[in-house]
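The values are calculated or read from the model by the stated rules, or taken from the named source; none is laboratory data. Remember, it's a predicted structure, so these values are computed and weren't measured experimentally. Cβ atoms come from the backbone with ideal geometry, glycine included; neighbour counts cover every protein chain shown. We work out accessible area using only protein heavy atoms, side chains counted, and drop any ligands, DNA or RNA first. Shrake-Rupley method; radii C 1.70, N 1.55, O 1.52, S 1.80 Å.
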Amino acid sequence: MLAQVLVSSITAGAVYALIALGFVLIHKGTGVVHFGYGDQVTFGAYLVLIGQAFIGLRFDVAVAGALVASVLLGAIIYLAFMWPLRNASLLARIIASLALGTVLREFLRSYMGPNAWPFPFLLSSTSVPVGGVLIVPANLAIVGVAIAVLVALYLIFDRTIYGKAILAACENSTGASLVGVHVSTVFLLIWILASVLATVAGILVAPLLTLSPDMGLIGIKGFTAAVLGGFNSLPGAVAGGIALGILEALAGTYVSSALKDMISYAILIAVILVRPQGLFGELTLKKV
Amino acid sequence: MTVRLLFGAVVLVIFFAAPHFLAEFQLFQVCLIAATALVVLGIVVVTGIAGQISLAQAAFVGLGGYGPAILAARYGVPVWAGIMITAVVVGAVGYALGQLTLRVSGHYLALATMAFTAIVQLAFIHSDAVTGGAVGMQMPTLEISGKTFASGGTLYYVVLPVVGVLFLAVHNLIHSPVGRAFAAIRQSETAAAAMGIDVLAHKSAAFAASGFLGAIGGGLLGLLSTYLDPSQFGITQAVYYLAVAVVGGMQSPLGAIVGSAVFVLVPEFLQAFQTYLGLVFALLLLVFIVLRPNGLVSLASDLLRIVGGKQQRGAA
């Protein structure tokens, strides 16, 4: 029983981890916390659906089309909103990212209807018993992709000169441009990468959850995971996601499934209060 | 002084004349604008003036609606008393939430207040025995000394005076030492602290004020809609109130009124496009935060400045 709960919870945790990776990528790379990221994940899944159901593409072609479209979406978000707001107050940038998410969600509600859509699994969703525990290949794919994305991003950020350029551009954009980093190109690439990641997450997550315009609320869980992990640490985001998934599953099994979400939000507030640097992050102090 | 008296007299005349010229439904809409403006006024105080982002307003509104309804259903407390008691309690909750700002600010504060709203909404949905669960509950009718106030035409005489008095109070608050301290904190917490302002106490007070205003506004909105639906008190609604504040103009109480008027009246003109309403509001928020972060009110004051500038040149 406990083993089965843990195995299923790791899938949920990987979902949170995947979304948390997007948050951390944008925050680490551009210094912006994107409150509309959850809605972007939903939008990515809908892009596939639009390609498949309305244009009549094959599923794999629709997926490829959605990925291309999300490159455009990321570029539009940066060029039309985040670049003009680069010197705006933090408040304005927070509200703008909330507004972006709301626009995407309400666009879907207006044009695709408020109801849920069925969404196909990429892999088989029939469970296979392994050592007395049921394992679902489609869920395994989510865990695999989350880890693959983590490793790829980790290598880019920590092992390549481009990663250093990204971090430099975020840390001190004037200084970075002085040493030859093209800051706005770096930010553009980060937004595109995050947008593609959102679509990948959306495609993997949509069959598990119900694909409706409100699926973006999953963003808060991704957020919680990112906060647990320290918001600046990529491995932290994955660890935070898995930890949140397990905590939720335990709370759902042993306390009450109705209280599950409340518990995870309470964890969010508690962690922000007690350990704002997250469970795995390190505290950065700004000296005045 | 005479200007103020004259202004007050004009307001009173309009207040008593309006019911003779407006239909029942239009009076209802005026009440709706006023009650929404009161909710948004809370955001003006905490976010616009004190600079602390808050996504807790929808939760305050929900508590302000459920409070009097539960007090009336369980303990027979009159609705008007219930609204007042609840507002004071929610103000205290706001103060406690404000204590969070000791340790968090910026996007962490947005996140914490967002989580607060989510928790309160889930509490409404899952406390079936008390709140009626996901179905919601009936808001009792307002009764004061034997008179019932159930329609837009009668609630008009309750909602508008209450909202008017609170707007006056907030106007005075903003121009008081406390209000100036709020503004100083928005501009620089370090500088405010260096001037001897108790930053945490003031930030908490701003949250308390936003809780109080949100709860009264929530009570009035409940009276107007007569039904409490828990889906109306979530994060989406918190962003909606923020959108009203941004579009109207977050820096002044006037902005709350202008924004509420836009958000209540636009659906009337767009009745044929009900499906696109949410999208229209979201786009309004996005366009304003990028192009006009200080809202419609700043547009008007810019226009006045242009006109005023021309007059001055003409005089010289």
| message | Could you check region A:72-96 and list, in sequence order, the residues that are facing chain B (nearest Cβ under 9 Å), over 15 Å from B:T47 (Cβ atoms) and not aliphatic (A, V, I, L, M)? | response | A:F81, A:P84
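Between A:G241, A:G245, A:G252, which is in contact (Cβ under 8 Å) with a residue 12 or more places away in the chain, more than 11 Å from chain B (Cβ to nearest Cβ), part of a helix (DSSP H, G or I) and over 24 Å from A:R105 (Cα atoms)? Even if it seems obvious, please write down each step before you answer.
Working: A:G241 fails: over 24 Å from A:R105 (Cα atoms); A:G252 fails: in contact (Cβ under 8 Å) with a residue 12 or more places away in the chain.
Criteria check complete, one pass: A:G245.
For residues in region B:262-316 being exposed (fewer than 12 other Cβ atoms within 10 Å of the Cβ) and in contact with a helix residue (DSSP H, G or I) (Cβ under 8 Å, 6 or more places away or on another chain), which is modelled with the highest pLDDT? So that I can check it myself, show each step before the final result.
Kept after step one, since they are exposed (fewer than 12 other Cβ atoms within 10 Å of the Cβ), are these residues of region B:262-316: B:268-269, B:271-272, B:274, B:291, B:303-316.
This time we only want the ones that are in contact with a helix residue (DSSP H, G or I) (Cβ under 8 Å, 6 or more places away or on another chain), so: B:268, B:274.
Working: B:E268: 82, B:Q274: 75.
So the residue we want is B:E268.
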| If you take the residues of region A:205-220 that are open to solvent by less than 20 Å² (accessible area, probe 1.4 Å) and more than 14 Å from chain B (Cβ to nearest Cβ), which of them is farthest from the chain's Cα centre (by Cα)? | A:L211
| task | Look at region B:106-115 and say how many of its residues are over 13 Å from A:V33 (Cβ atoms) and at the interface with another protein chain (Cβ under 7 Å from one of its Cβ atoms). | result | 1
| request: All but one of (1) within 14 Å of chain B (Cβ to nearest Cβ); (2) surrounded by fewer than 24 Cβ atoms within 10 Å (Cβ to Cβ); (3) of a type in the set (F, W, Y) hold for A:F223, so report the exception by its number. | output: (2)
| remark: If we keep only residues of region B:80-105 that are part of a helix (DSSP H, G or I) and within 14 Å of another protein chain (Cβ to nearest Cβ), then the residue most open to solvent (accessible area, probe 1.4 Å) is B:L102
| request: Could you please find all residues in region B:225-254 being away from chain A (no Cβ under 14 Å) and touching a Leu at 6+ places or on another chain (Cβ under 7 Å)? | output: B:P253
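Looking only at region B:197-214, count every residue that is open to solvent by less than 50 Å² (accessible area, probe 1.4 Å) and not in a helix (DSSP H, G or I) and tell me the total.
If we filter region B:197-214 for residues that are open to solvent by less than 50 Å² (accessible area, probe 1.4 Å), which is where we start, we get B:197, B:199-211, B:213-214.
Of the ones still in play, those that are also not in a helix (DSSP H, G or I) are B:197.
Within region B:197-214, residues that are open to solvent by less than 50 Å² (accessible area, probe 1.4 Å) and not in a helix (DSSP H, G or I) number 1.
Before we move on, is A:K260 closer than 27 Å to B:T190 by Cβ, at pLDDT below 85 and of a type in the set (D, E, K, R)?
Working: closer than 27 Å to B:T190 by Cβ: no; at pLDDT below 85: yes; of a type in the set (D, E, K, R): yes.
No; evaluated as a whole, the condition is false for this residue.
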| request: Go through region B:1-45 and give me each residue that's open to solvent by 100 Å² or more (accessible area, probe 1.4 Å) and aromatic (F, W, Y). | output: B:F7, B:F16, B:F21, B:F25
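Can you tell which of B:I83, B:I53 is in contact (Cβ under 8 Å) with a residue 24 or more places away in the chain and farther than 22 Å from B:Y157 by Cα? Give the steps one after another, and end with the answer.
On the way: B:I83 fails: farther than 22 Å from B:Y157 by Cα.
Of the residues listed, the single one that is in contact (Cβ under 8 Å) with a residue 24 or more places away in the chain and farther than 22 Å from B:Y157 by Cα is B:I53.
Name the residue, out of B:A215, B:A194, that is under 21 Å from B:A181 (Cβ atoms) and hydrophobic (A, V, I, L, M, F, W, C). Don't jump to the end; show me each part of the working.
Working: B:A215 fails: under 21 Å from B:A181 (Cβ atoms).
Selected residue: B:A194, the only one of B:A215, B:A194 that is under 21 Å from B:A181 (Cβ atoms) and hydrophobic (A, V, I, L, M, F, W, C).
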| said: Given (1) in a helix (DSSP H, G or I); (2) more than 24 Å from B:Y156 (Cα to Cα), identify the lone condition not met by B:I43. | reply: (2)
| message | So A:D60 ticks every box in (1) more than 17 Å from A:V196 (Cβ to Cβ); (2) open to solvent by 30 Å² or more (accessible area, probe 1.4 Å) but one. Which box is left unticked? | response | (1)
| query | Does at least one position in region B:186-198 carry a residue that is among the hydrophobic types (A, V, I, L, M, F, W, C) and within 22 Å of the chain's Cα centre (by Cα)? | reply | no
| Take the residues of region B:31-63 that are over 12 Å from the mean Cα position of the chain (by Cα) and more than 14 Å from every other protein chain (Cβ to nearest Cβ): which is nearest to B:G259 (Cα to Cα)? | B:C31
| said: Out of the helices (runs of 4 or more DSSP H) lying entirely within region A:96-186, which hold 1 or more residues that are aliphatic (A, V, I, L, M), closer than 18 Å to A:I10 by Cα and open to solvent by 70 Å² or more (accessible area, probe 1.4 Å)? | reply: A:137-159
| request: Kindly provide the set of residues from region B:97-106 that are without any contact (Cβ under 8 Å) to a residue 40 or more places away in the chain and of a type outside the set (K, R), ordered by number. | output: B:L100, B:V104
| message | Could you go through region A:30-51 and let me know if any residue there is open to solvent by 50 Å² or more (accessible area, probe 1.4 Å), hydroxyl-bearing (S, T, Y) and part of a helix (DSSP H, G or I). | response | no
| query | So how many residues does region B:109-129 have that are within 21 Å of A:A20 (Cα to Cα) and surrounded by fewer than 20 Cβ atoms within 10 Å (Cβ to Cβ)? | reply | 1
